[in-house]
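The values are calculated or read from the model by the stated rules, or taken from the named source; none is laboratory data. The structure presented is a predicted model; accordingly, all values stated were derived computationally and were not measured. As a convention, Cβ positions derive from the backbone with ideal geometry for all residues, glycine included, and neighbour counts pool all protein chains shown.
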Amino acid sequence: MPGTGHVTAQRSHPRPSPSSRRPDLVTVHSVSICGPCRAGKVPWSGAAPIARRRAPVRSAGRTRQAGILADVSDADGRQAARRGRPGYDKESLLLVAVEVFNERGYDGTSMEELSKRLGITKSAIYHHVTRKDELLQLAVDRALDGLFAAADEAAAMDGRAVDRLEHLVRASVTVLVERLPFVTLLLRVRGNTPVERRALARRREFDRLVAALVARAEAEGDVRPDIDPAITGRLLFGLVNSLVEWYKPHGGATGAHIADAVCKVAFDGLRRRPDAARTPPEHAAAGG
């Protein structure tokens, strides 16, 4: 304005400068020259637009802004948590897959159906396994590895073959009870895929181990010799494997109780011995 100064700066709205990232500076973009300068009475230096330092933001405003950003971040986090699905590691993925295989059959279960049951995408499944048959391989190996570990324990024992055979039966019942879904799936494979054929080959190998132990017990005079050892072994483990059809983990009977019952029926038989008491069990218990 005339008579009040040399240069009057008209401040515009702050604009971000591409050459500067200083948020505390404001550039003045337009300049008005006062009357005396235009008349030549006062020299004008023709200075370029000046940059003035922005007044610092008050701490209260900064705190309020930070609080708003924190609220937005928390809201986004809660929204993301609502949108997200529970994660699966390889073990929990395998447990669900075995459950579905037992319900629908391995051949009748697609990866699409498996992803729907899990509530995740197929790509999330492929993060853990490369193919569906890899899940089958992990499942049947879980059952077979337990059975072969029981056979190794029996083979390492001292004593008569019939005692080792009984130990194998007890340990196999324990494996079945503890790994029921996996053993169930193992007993249902039919050899339609390479994984199933390998599992059946391992089952036949286990059957041969049982038959050899029965034959040894027969040679020692502890098992009747008028039945083929292979048939005896199959009948014996047919009794063990029948548990997958009726045993319920929460049905009241423990694995130890089931193993006792199987061994009593298999090795002692159902018929009472001539010297056994004829008193019913409840009366015998009451009589002390």
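Of E134, E113, E103, E91, which residue is of a type in the set (D, E) and in contact (Cβ under 8 Å) with a residue 12 or more places away in the chain?
E113
Among the listed residues A199, A154, A161, A171, which satisfies the condition of being surrounded by fewer than 20 Cβ atoms within 10 Å (Cβ to Cβ), at pLDDT 95 or above, small (G, A, S) and in the same structural domain as A259 (by TED's automatic domain parsing)?
Answer to the selection: A171.
Only one of these is part of a helix (DSSP H, G or I), on the phi < 0 side of the Ramachandran plot and loosely packed, with under 12 Cβ neighbours inside 10 Å: S115, S123. Name it.
That would be S123, the only listed residue that is part of a helix (DSSP H, G or I), on the phi < 0 side of the Ramachandran plot and loosely packed, with under 12 Cβ neighbours inside 10 Å.
Answer yes or no as to whether A219 is at pLDDT 95 or above, in contact with a Pro (Cβ under 6 Å, 6 or more places away or on another chain) and in the same structural domain as A154 (by TED's automatic domain parsing).
When the stated conditions are applied, A219 does not pass them.
Please go through the range 142-160 and pick out each residue that is touching a residue at least 12 places away in the same chain (Cβ under 8 Å) and not hydrophobic (A, V, I, L, M, F, W, C).
Within the range 142-160, R142, G146, E153, R160 meet the criteria.
Any idea which of (1) out of contact with any helix residue (DSSP H, G or I) (no Cβ under 6 Å at 6 or more places or on another chain); (2) within 19 Å of V262 (Cβ to Cβ) is the one R179 doesn't satisfy?
Exception for R179: condition (1).
Show me the helices (runs of 4 or more DSSP H) found entirely inside the range 168-245 where at least 3 residues are without any contact (Cβ under 8 Å) to a residue 60 or more places away in the chain.
194-219, 229-241
Do we find that V162 is within 27 Å of T232 (Cβ to Cβ) and either over 21 Å from the mean Cα position of the chain (by Cα) or outside any helix (DSSP H, G or I) (or both) in this structure?
When the stated conditions are applied, V162 passes them.
Quick check, is F206 at pLDDT 95 or above, at negative phi and in contact with a Leu (Cβ under 9 Å, 6 or more places away or on another chain)?
So F206 passes the test.
Kindly indicate whether A256 is surrounded by 15 or more Cβ atoms within 10 Å (Cβ to Cβ) and assigned by TED's automatic domain parsing to the domain that holds L144.
Judged against the criteria, A256 is not a match.
Sort out which residues of the range 95-146 are polar (S, T, N, Q), modelled with pLDDT under 95 and either closer than 14 Å to F182 by Cα or under 17 Å from the mean Cα position of the chain (by Cα) (or both), and write them in order of number.
S115, T121, S123, T130
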